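S.K.: Here you go, one structure.
Taken together, the values in this text are just the output of simple stated rules run on the coordinates, not laboratory data. Small disclaimer: the values here were computed from a predicted structure and weren't measured. Here Cβ is always computed from backbone atoms with ideal geometry, including for glycine, and neighbour counts include all displayed protein chains.
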Amino acid sequence: MSPMGYGVGSVAFLSHLLSCQSMGCIYNYHMGKGRGLESEIIASLPHPVLVVGKDGFVLYANPAAYEFFMPVSRLEGSQLKGILTDLLFESVRRVLREAGGVFNVKDKVEMRGEKRHIVADIFPVDVGGQLGAAVLLRDVTRIRMLEQRDEKDRTSRVVEDLVRRIFSHIRPLVLGILNVCNYAEDSGSAGLEEIRLIREEALRLSHIAEEAVDFTLEVSDLRQGVNIYKVVEDALGMCKREILEKGLTIERDYLPGVPEVQGEPIELFKLFLQMVKNAVEASPEGGVLRIRISVDGAKKLVPGRFTLKVEFENEGKGVPEGLEESIFLPFVTTKVGHLGLGLAKAYKIVREHSGEIEYSRAGDRSVFTVFLPL
């Protein structure tokens, strides 16, 4: 496989730094106190780099590696098998066995309770006259998330267009059926009971068509300052009866002083009403529904602007395995009698406000998180 370009951390760049000895791409790594300029540059690389001996123990780790594998106190002298995943460890063993590079190894690792997407390049190095291996890791989690969001956006838009086309044709047909039913009832035709059944089904289909077409309508471009605390509290007020019937306890953890969000007030109310309704419906009787409002300084949806983070945590069973990635698509639902348009509409509103929406599990609790630029 050919190496994948990644700026300052490229294999081509490292080959110049590490003094290529032969056509077999065996690089010379200077260990010990007298490390040269090459080692100083490796230490300054933003990507984690591990140098491993033939015995599988780590001989050197640059500062970026310590930051990546934190809270590990010491990497040098540690067995590599306890640090990397099985896939990466086997790739290192292959390099040590065959003295040839392995590039673009894609894997997932769990760091501090969070799954990270990584790509690894592993190549042989000469360590004090013996064969070793250098492992260069790149954290591509953010890139993967953006790719997944773009793919989700494309899929959502295609489905929205399909729904609009289908139900735009269904609506006039349903109206025609209802008109025929009205005429038959007024004229006293035979089979009135059957006509009433047809009318009931037509009305039900009409309701579905109206709801589906409403889902496909464009979000208003009107933007003004929206008080996020008031919107969330208004949404809770609209669901007060359902909350009381289930005996739910509402726990609020609101960071004070969060600035207003620039958005369409009605659409943002629909968004948070849907999030509250979804959390209430998923909660067990007598459960606790936690709502947290905070500012995420690390997540930048828009350059130079902080991000609003609103979490809705319930104690329900959660989304069945296999549906996590599609739960925000139209007509995907786990609830009997629901069309599956609620979360899809919420996702659409968030998308039109340059935000993101995520589902995750925190222990035995489900968490839906809305991110919006402040």
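S.K.: Treat the count of other C-beta atoms within 10 Å as a stand-in for reagent exposure and order 288, 119 from fewest to most.
M.R.: 288, 119
S.K.: Still on this structure: Multiply the residue separation of residue 143 and residue 43 by 0.36 nm, subtract the distance between their alpha-carbon atoms, and state the gained length in nm to one decimal.
M.R.: Result for the pair: 33.6 nm of gain on full extension.
S.K.: Quick check: net charge around residue 305, other residues with Cβ under 12 Å of its Cβ, Lys/Arg +1 and Asp/Glu -1?
M.R.: My count for the surroundings of residue 305 gives +1.
S.K.: Could you rank the peptides 95-103, 238-246 by their average count of other C-beta atoms within 10 Å per residue, with the highest value first?
M.R.: Descending packing order for the listed peptides: 95-103, 238-246.
S.K.: Which order results if 296, 55 are arranged by neighbouring Cβ count within 10 Å, fewest first?
M.R.: Ranking 296, 55 by Cβ neighbours within 10 Å, fewest first, gives 55, 296.
S.K.: Right, next: What FRET efficiency would be calculated for the residue pair residue 130, residue 323, taking the C-beta separation as r and a Förster radius of 41 Å, to the nearest 0.05?
M.R.: The calculated FRET efficiency here is 0.20.
S.K.: Let me ask something additional. Could you compute the FRET efficiency for residue 250 and residue 170, with r as their C-beta to C-beta distance and R0 at 41 Å, rounded to 0.05?
M.R.: According to the calculation, E is roughly 0.55.
S.K.: Fully extended, how many nm does the chain gain between residue 90 and residue 108 (0.36 nm per residue separation, minus their Cα-Cα distance)?
M.R.: 5.0 nm
S.K.: Going by how many other Cβ atoms sit within 10 Å of their own, how do 249, 307 line up, fewest first?
M.R.: 249, 307
S.K.: Under 27 Å Cα-Cα from residue 115, which lysines qualify once same-chain neighbours fewer than 8 residues away are excluded?
M.R.: Within the straight-line cut-off, residue 115 pairs with 81, 106, 152, 299, 300, 309, 317, 348.
S.K.: Over the range 261-374, calculate the relative contact order: mean separation of alpha carbon pairs under 8 Å at least 6 apart, over the residue count, as a percent.
M.R.: After rounding, I find 30 percent.
S.K.: Further question: Considering the range 224-373, what Rg and Dmax in Å follow from its alpha-carbon atoms?
M.R.: Looking at the range 224-373, its Cα Rg and Dmax stand at 14.7, 44 Å.
S.K.: If I take R0 = 22 Å and measure r between the Cβ atoms of residue 182 and residue 208 in this structure, what FRET efficiency does the formula 1/(1 + (r/R0)^6) give, to the nearest 0.05?
M.R.: Efficiency, rounded to the nearest 0.05: 0.65.
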